[in-house]
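See structure below.
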Amino acid sequence: MQTTLTDSVEEAARILNSGGIVAFPTETVYGLGAGISHPEAIRQLFRAKGRPMDNPLIVHLYSTQQLAAVAAEVNQAAKILIERFFPGPLTLVLKKNPAVPYSVTAGLDTVGVRCPQNPVAREFLRLCDSPVAAPSANLSGLPSSTNWEAVYEDLDGKIGCLLRGKPSAIGLESTIVDCSGAKPVLLRAGAITLEQLQAVVPEITANAATNEQEPPKSPGLKYPHYTPKASVVLWDGKEESRIENSSSAYIGLSSPPEGVAQLKVCLNLEEYGRELFRFFRQCDAEGISIIYCELPSSRGLGRAISDRLMRAAGIS
Ligand code: TXA
Ligand code: MG
């Protein structure tokens with residue numbers, strides 16, 4: 001398949017509206033979209049990413065006015081979160097409207113809904129005929145794409161169109177809160193922090209460690225994620241500070257161990273989050289075999305970064 005590279009939201013929306021799949025920028029990571037009223041495009045999207053069919057997709061809206069078309073019920077907690085954080089890097093899991101096909105929700109009676117803030121994403125979504133189902137625009141299991149070049153590397157020739165935009169401002173996938181049950185639960189940490197969520201909905205809790213007996217709350221969490229080809233090793237700054245490996249790299253906030261070949265010292269957690277996946281991909285391109293990553297504390301944005309690092313290291 002020929003992939004059209006474009007800067008035009010009109011052209012990208014035309015391709016999506018005629019049943020194509022289109023990668024587009026958002027403030028979290030790039031998304032890979034298909035219209036929810038195009039079943040063949042949804043199937044193709046799973047194939048292009050190599051995504052397991054039991055992992056549901058997030059539905060993207062340009063305005064909360066479209067909510068009623070995808071959700072059957074918006075409870076009080078969800079209303080507060082929408083009022084405070086939409087548009088933005090937050091996904092809510094809600095009871096689904098029958099109009100949303102089960103191919104999008106992987107058979108679940110709930111649907112993940114997000115309204116991105118990035119102006120290019122919003123304009124693109126506004127021009128699309130229907131809400132847009134979109135996972136992150138990377139091959140399944142690899143780090144999410146935070147710039148269009150990464151999307152191109154993974155998906156050129158497999159998708160109809162790549163709408164080029166700026167690098168993602170946040171660089172980590174959206175925070176996910178499940179509002180479909182009696183109590184709201186944080187399923188995935190992101191740039192909207194647990195502390196910020198609890199400031200407006202105090203009863204939100206973090207997802208308890210998954211019980212083996214129960215199906216995972218967020219199906220995607222059971223798959224390996226964010227993994228570069230290099231091994232990811234968590235580094236607390238206290239161990240041996242000289243690393244004798246010419247193909248190792250470091251990313252973190254503290255001063256690095258000596259002897260690494262590639263190095264990214266970030267000024268703050270925001271920069272760490274924005275740079276993490278790009279750095280993973282850069283290290284793979286340069287043949288790095290071990291990436292030492294400083295594990296931040298789990299406060300604020302540190303929770304989302306730690307979560308991605310532990311998954312990349314194969315610890316959770
Ligand atoms: O920031 C983001 O959320 C990006 C951009 C493109 O919006 N999208 C993204 O999609 O990260 P994806 O597919 O890579 O991750 C979506 C996660 C998966 O872990 C999936 O299992 C979970 O959301 N999810 C989707 N629908 C769900 C549902 N109904 N119930 C529970 N989890 C759901
Ligand atoms: Mg993903």
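Here are some notes:
- Any hit, the range 191-205, residues being open to solvent by 40 Å² or more (accessible area, probe 1.4 Å), at pLDDT below 95 and either within 16 Å of ligand 2 (Cβ to nearest atom) or part of a loop (DSSP other than H, G, I, E, B) (or both): no
- The range 93-108 - residue that is open to solvent by 10 Å² or more (accessible area, probe 1.4 Å), within 9 Å of ligand 1 (Cβ to nearest atom) and closer than 19 Å to R188 by Cα and, of those, nearest to the chain's Cα centre (by Cα): V93
- Matching helices (runs of 4 or more DSSP H) fully within the range 69-181 where at least 1 residues are over 15 Å from I36 (Cβ atoms): 76-85, 119-127, 148-155
- Residue in the range 265-281 that is over 22 Å from the mean Cα position of the chain (by Cα), in a strand (DSSP E or B) and not assigned by TED's automatic domain parsing to the domain that holds A137 present: yes
- Tally of residues being closer than 14 Å to Y250 by Cβ and either buried (at least 23 other Cβ atoms within 10 Å of the Cβ) or of a type outside the set (S, T, N, Q) (or both) across the range 269-295: 14
- When C161 is tested against (1) open to solvent by less than 10 Å² (accessible area, probe 1.4 Å); (2) closer than 27 Å to E271 by Cα, exactly one condition is not met: (2).
- Verdict on P184 being crowded, with 16+ Cβ neighbours inside 10 Å and within 13 Å of ligand 2 (Cβ to nearest atom): no
Conditions (1) within 14 Å of ligand 1 (Cβ to nearest atom); (2) of a type in the set (V, I, T), marked per residue:
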residue	(1), (2)
S37	no, no
Q44	no, no
G50	yes, no
V59	yes, yes
Q66	no, no
A72	yes, no
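- Residues (in contact with a helix residue (DSSP H, G or I) (Cβ under 8 Å, 6 or more places away or on another chain) and of a type outside the set (F, W, Y)) located in the range 257-293: Q262, K264, C266, L269, G273, L276, R278, R281, I291, C293
- Output for the range 30-65, where each listed residue is assigned to a loop (DSSP other than H, G, I, E, B), open to solvent by 10 Å² or more (accessible area, probe 1.4 Å) and on the phi < 0 side of the Ramachandran plot: I36, S37, H38, R51, P52, M53, D54, N55, P56, Y62, S63
- Enumeration of residues in the range 139-156 that are within 13 Å of ligand 1 (Cβ to nearest atom) and hydroxyl-bearing (S, T, Y): S140, S144, S145, T146
- Which numbered condition A133 fails, given (1) open to solvent by less than 30 Å² (accessible area, probe 1.4 Å); (2) touching a Pro at 6+ places or on another chain (Cβ under 8 Å); (3) of a type in the set (G, A, S): (2)
- Scanning the range 278-309 for residues that are of a type outside the set (G, A, S) and more than 15 Å from V233 (Cα to Cα) returns R278, R281, Q282, E286, R299, L301, R303.
- Residue selected from the range 115-127 under the condition in contact with a helix residue (DSSP H, G or I) (Cβ under 7 Å, 6 or more places away or on another chain) and open to solvent by less than 10 Å² (accessible area, probe 1.4 Å), by the criterion farthest from ligand 1 (Cβ to nearest atom): F124
The values are calculated or read from the model by the stated rules, or taken from the named source; none is laboratory data. As the structure is a prediction and not an experimental result, all values here were calculated from the model. With ideal geometry, Cβ positions are generated from the backbone for all residues, glycine too; neighbour counts draw on all protein chains shown. We work out accessible area using only protein heavy atoms, side chains counted, and drop any ligands, DNA or RNA first. Shrake-Rupley method; radii C 1.70, N 1.55, O 1.52, S 1.80 Å.
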